[in-house]
Amino acid sequence: MALLLLASGGLLSAQSPGRAQARAMKAKGDAAGALAAFEQAATAEPKAADLRDEIGFLLAVLGRRDEAVSSFRAALALNPCYAPAHFHLGVALWLKPVRVRVSLRRARSYGI
């Protein structure tokens with residue numbers, strides 16, 4: 001458990017009130033509110049890779065894919081071994097071509 005906490009940004013910060021509030025908002029489905037709370041927590045903990053990953057996840061949920069990709073990359077710059085950020089970045093990058101292919105199919109169906 002201690003290794004997980006260390007990898008995510010530190011033992012002392014893992015249960016900060018800002019994190020708890022952000023997690024509660026996320027659990028309630030308030031993506032925009034959780035994003036704001038995680039961003040505030042990230043300001044207080046600038047070296048916490050897990051917070052950048054959470055921000056990226058919520059940006060993706062809100063349809064802000066390019067910003068999400070940047071956030072996942074920021075998480076990996078802070079901790080190259082943070083596996084959730086690798087996974088989330090991969091999914092975000094994988095989904096982009098699917099949307100492009102769908103858009104191309106739609107355009108072709110209109111004779112474009």
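In terms of the Cα gyration tensor, with a ≥ b ≥ c the square roots of its eigenvalues, is the stretch 11-100 rounded because a/c is under 1.5, prolate because a/b exceeds b/c, or oblate?
Numbers: a/c = 2.35, a/b = 1.36, b/c = 1.73.
Verdict is oblate for the stretch 11-100.
Multiply the residue gap between residue 96 and residue 36 by 0.36 nm, knock off their C-alpha separation, and tell me the result in nm, one decimal place. Intermediate results must be reported in sequence, preceding the final value.
Details: separation 60, 0.36 × 60 = 21.60 nm, distance 2.48 nm.
Length gained between residue 96 and residue 36: 19.1 nm.
Excluding residues fewer than 8 places away in the same chain, name every one of the aspartates and glutamates whose C-alpha is closer than 14 Å to that of residue 26.
List returned: 39, 53, 54.
Net charge within 12 Å of residue 56 by Cβ-Cβ distance, Lys/Arg positive one each and Asp/Glu negative one each, not counting residue 56 itself? Present the calculation step by step, with values, prior to reporting the outcome.
On the way: positive: 52, 64, 65, 73; negative: 39, 50, 53, 54, 66, 67.
That sum, taken over residues with Cβ under 12 Å, equals -2.
Near residue 76, within a Cβ-to-Cβ distance under 11 Å, what is the net charge of the other residues, with Lys and Arg +1 and Asp and Glu -1?
Overall, the nearby charge balance is +1.
All of the numbers you see were taken from the coordinates with simple rules; none came from a lab. Predicted model only: the values in this text are computed from it and were never measured. Note: ideal-geometry Cβ built from the backbone for every residue, glycine included; neighbour counts use all protein chains shown.
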